[in-house]
Structures are given as C-alpha cells and as structure tokens.
Amino acid sequence: MVPLKILFVSPEVEPFVKVGGLADMVGSLPKALAALGHDVRVVFPAYGSLRLDSSWRARSEPLGVDVGPEARWARTWESVLPGSKVPVYALEHEEFFARPEVYAGPWGNFADNDLRFAFLCRGALNLCLQLGWIPDVAHAHDWTTGLLPVLLNTTLRNTPLGRTASVFTIHNLEHQGYSHRRVIDFAHLPPSEFRPDSTESVGAVNMLKAGLYHATKLSTVSPTYAEEIKTPAGGFGLDHVLRFRAGDLVGILNGIDTAAWNPAMDKHLPRPYDQRSLEVGKAASKAALQQRLGLDVDPHIAVFGVVSRFAHQKGLDLLAEALPHILDRMHVQFALLGAGDPGLEQSFRWAAEAYPGRVGVHVGYDNALSHLIQGGSDFFVMPSRAEPCGLTQMYAMRYGTPPIVRSTGGLIDTVAQFSEGEHSGTGFRFTDATAPALYNTVGWACATYYDRPDELLNLRLRGMAQDFSWHVSARQYAELYGWAVDARRGPAAPPAA
Ligand code: ADP
Ligand code: GLC
C-alpha cells in the first residue's frame, strides 16, 4: 500500500461539532485510515460553540483566504482527533463562524451559508499551501463542500494543488445548497462555471451538483443508496447527473466508532454489559431510562426507543400517527429523543401528556441520553422514508436492541430481516411508508417480546455479534483514493524498455 496524504473538509466533526451522522463519519473514518498508515488531516470551521480547551493551540501565522473582493483572514486552531494523532484544524472567522450554530439559527437557514462554506473550502485549501502539505486527495462531504472540487479543477489548477484528486461523498442528496450566483465571484471561480454541467441549476448555483460534476470520484454511504439515487424516485432531481457519473460512483457502507459505541465500556450506562451480561445490564439501563424520562419503572414492559433528528426524511410522522393506536392496544412504553420539526415535537409532547408514564420525550440534543436509550430500550424505531446509511440502527444492534426499520437505503444493507423459523436476522423490516405498516411491525416485535423471549434473546445476540467497525470500509475508501489519484494524474508512464 502506498501511504497517501488525505485532506478531509467537513462542516461537522465529532466530538467537536455535530448535527447528525456526518459528524460521526468524519470523526471516525480518518482514525481508521491513519491506522492503515495514511497521513490524514481534517479541517472544519471554529464555530462559536467550539470549546477551545487546552488541547487546542493557535497557529501564529494568519491564514489568508482568497474570497470576495478584498483580503479575508482566518485564525487557525490546531488539535488532534481524540484518541489519535490525526491533526484537526479549526478555522476561526468572526463574520462567518462566530455564531454557535452550523447551518441554521432560530429563523431558519443562514442567508450567507453559500459564502460561509465557500470560505471553508478555500480556507482549507489555502491552509494546505501554507503548511506546505499538498494532499494527494481532498475528501469533501455534502453540499457545503461542493465547490472544493471545482476550485481544484479551475482556480487552483495551476498551483501545487493542481495534482490533488478529489473524492466527494454524498451523505444526503436531499440537501443541495442552492445559492445565488454571487458565490461564483465570491469564491473566485471562473464565471464560465455557471452552466448546467457544472454549478448551475434552474438559474441558481447548486453546490452539491457542482461537487457531483467536478469531483474525481464520488461515493455515497451505502451500496443500496448508491443505486437509489440513480433513479428518479430517489434522485432529488439529480439522478441524471448520478447516472452520467455512475462509472465513478461507489457505495461504501459507513463504519461506526466502536470505542465510543461499546456497551461494555459505556460510561453513560449504569451497568455496562456485553453478550454474557446482557440481561442484567439491559435491566439496569432500562430502569435508569424509565426514571430519566418519567416512565413507570417496570422491568417487564417492552420499551421502544427513538433517537433522531425530527425531519420528514426520518418518517417520524408515521410514528406520531401510529402512536395512539399502538398505545391503546399494546402493553408498551416509548422513550423518545430528538428535535427539529416543531409539529412533530408538539405531537410527541402531547403523546407524553396523554399517556403519562408510558411515553417519555426529551426534545433537544443530549448525547448521554442517546446512549442510555440505546442501552435501555428493547427495540429501536427508525421508520425512515430515505436513509443514506443510518448509524443509530447499528448502534442499536451493538447494544442488543433490535431495530425496527423501513426497508430503504443503508437500512437494507445493515439490518437483516428477522426470521423466526430460520433463527436468523438482526431486526424487523417493513416496506410501506405508512402508519399501519409501522403499527404491524411494532406489533410483531411486541409479540416476540412477550411470547418468544428465547427467540428475542438470540435476535439480540446476533445483532451484538455483527462487525460494524471501519475494518472493511476504510480499506474501500483507501482503494477509492488510489483510483482517484490515478485518474487525476493519468496512467503511469510504461517502464523503460
Ligand atoms: P442522520 O445523520 O441522518 O441524522 P444517522 O443515524 O446517520 O442519521 O446519525 C445520527 C447521529 O446523531 C447519531 O450519532 C445519533 O445518535 C445522533 N443524534 C440524533 N439526534 C440526537 C439527539 N437529539 N441527541 C443526541 N444525539 C442525537
Ligand atoms: C446523513 C444521512 C445518514 C448517514 C449520515 C452519515 O446525515 O442522513 O443516513 O448515516 O449522513 O453518513
């Protein structure tokens, strides 16, 4: 293996800033690549919410960022990904990143997101030039970094970065980053890039589409999602671009951080557990969870957990619709954690009021509680309409909590359908995105819980025995980087005769 220099540029990195699973991926894949011998570095914005503790040090040299009409500067903070030597750089810039949030404030998406993230892309590349560290590959993630491959192909083509290949990963095709044309000038891109086979979409700039056209290679976060997005039904208007680039697109399943998500070492659980101590460990977590969310403390009742962004994509409106029917007919409790859509937040609050002791809701973001829900629930509910990969169902299986998922995207690739007759499978899957389909599947899980506890125990143990580490996928990324480098540099010269 040839060790590569790999630059990650992302708006989110766990444990520094996280909105969703993108952060988990960018916080864990670089460590797995470093363990394979690659030189990986990560750049993200120093949002106002970033805790610059003693692990961070400021670089003395200011970083010039070529955007807009006059010079802009960033201050660069340096640290490492915890538990590794992977360098991380956070770019501080008062106007764009001093606010604490990543994408949106109380009044919705920030109106200058195009400029903010163009700044991130150019800042990350200028930092490489300043460090004299020229990556073989720049790995960009989602719409915020879509202009990075364009910069490498155009404005920076005749700099030392002209040989740098790019890999662009689609974590979610739904969010495309539409912007005014102004971002082309702001990012110092040639005006000629404002055309449909580059950055333009229906008269605006589509930053995700720009990345799809320009990156040397493309990936997405599961093999099934890689197929879905090439169809009109799953392509969010960009399926034609993905079919056009199909030869350069691969689906690589996300791994998980098996140290952060390990029930045997989890400090958020009252009594960490492994396969042998599953029953006692889970019982302790269940009691703690019930107390924490104001549920009746009852070791015998089936508890269903949810940890999710409350967004249309996640299909939680199906759960909101099915919930009263489930609660009226089945002996169950629900433990819900999430935030987002105000209508959904309200319906779950109402459910908690209407069914005291049986529905517990925490609206907000709470990492410790998310671990306790994984440990203390009997089942994990994830009725996603679309799911590029999904990480929480993998966390659930690792915690002996069989997931109930809709058959879509990465959920198909990670959850095998439970078959009682064959004693196989790791969770419960359903196909229709409807409340009755979810209701029936919850009923199936509930019947398994009460009537066939031995089957259920085996189902839990099968989930815990799965390997969700980066072991395989990090090697697939390394291979993809190799292809990208070859494609960027052209075929190697034949050996001299
Ligand atoms: P997505 O990225 O689409 O939100 P994933 O399943 O890939 O879905 O990742 C979601 C990540 O965010 C998981 O690590 C999950 O535990 C975490 N998460 C989601 N909502 C919350 C919340 N309200 N509090 C704490 N963690 C959350
Ligand atoms: C996105 C997707 C999710 C995926 C995550 C990490 O947020 O919605 O399915 O797991 O990115 O790749």
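For the chain, the antiparallel share of DSSP beta bridges with both residues in that region comes to about 30%.
With K and R counted +1 and D and E -1, the other residues having a Cβ less than 14 Å from that of E92 yield a net charge of +3. Semi-axis lengths, largest first, of the ellipsoid equivalent to the stretch 308-352 are 19, 10, 9 Å, with √(5λ) applied to each eigenvalue of the Cα gyration tensor. Cα-based radius of gyration for the stretch 187-245, normalised by 2.2 N^0.38 Å, reads 1.18. Partner lysines whose Cα lies under 29 Å from the Cα of K314, excluding those fewer than 8 positions away in the same chain, are identified as K18, K31, K209, K217, K230, K267, K282, K286.
Computed from Cα atoms, the angle from the helix 21-35 axis to the main principal axis of the chain rounds to 70 degrees. Here the peptides 51-58, 179-186, 40-47 are ranked by packing, the mean other Cβ count within 10 Å, and the order with the highest first is 40-47, 179-186, 51-58.
In a fully extended conformation the segment linking D66 and A233 would gain 56.2 nm over its present Cα-Cα distance, using 0.36 nm per residue.
Taking every DSSP bridge with both residues inside the stretch 278-464, close to 5 percent are antiparallel. Relative to the first principal axis of the alpha-carbon coordinates of the chain, what is the inclination of helix 471-489, with its axis defined by its Cα atoms, in degrees from 0 to 90 and to the nearest 10? Roughly 20 degrees between the two axes. Count neighbours as other Cβ atoms within 10 Å of each site's Cβ, and list the GluC sites (Glu not before Pro) in the stretch 41-126 that are DSSP loop with at most 15 such neighbours. Passing both the DSSP loop test and the Cβ count: E70, E101. For the chain, the extents of the C-alpha atoms along the principal axes are 69, 59, 47 Å, listed from largest to smallest.
Rounded to the nearest 0.05, what FRET efficiency do T431 and D454 have when you use their Cβ-Cβ distance and R0 = 35 Å? Once rounded, the FRET efficiency stands at 0.80.
Using Cα centres only, tell me the gap between the stretch 64-85 and the stretch 367-392 in whole Å. Between the Cα centres of the stretch 64-85 and the stretch 367-392 lies a distance of 34 Å.
Shown here for the stretch 69-103: trypsin sites (Lys or Arg not before Pro) in loop regions (DSSP other than H, G, I, E, B) with at most 14 other Cβ atoms within 10 Å, namely K85. Each label point was placed 7 Å from the Cα along the Cα-to-Cβ direction; for Q466 and S49 their separation is 2.8 nm. Legend: calculated FRET efficiency, W107 to W56, from the Cβ-Cβ distance at R0 = 41 Å, rounded to 0.05, equals 0.85.
Counting only alpha carbon atoms, the long axis of helix 316-329 and the longest principal axis of the chain meet at about 10°.
Legend: Rg and Dmax of the stretch 278-464, from Cα coordinates, 14.7, 43 Å. A protection proxy built from the mean count of other Cβ atoms within 10 Å ranks the segments 232-242, 215-225, most packed first, as 215-225, 232-242.
Read-outs: derived from the displayed coordinates by stated rules, not from any lab. All values reported here derive from a predicted model rather than from experimental measurement. Glycine also receives a Cβ, built like all others from the backbone with ideal geometry; neighbour counts cover every protein chain displayed.
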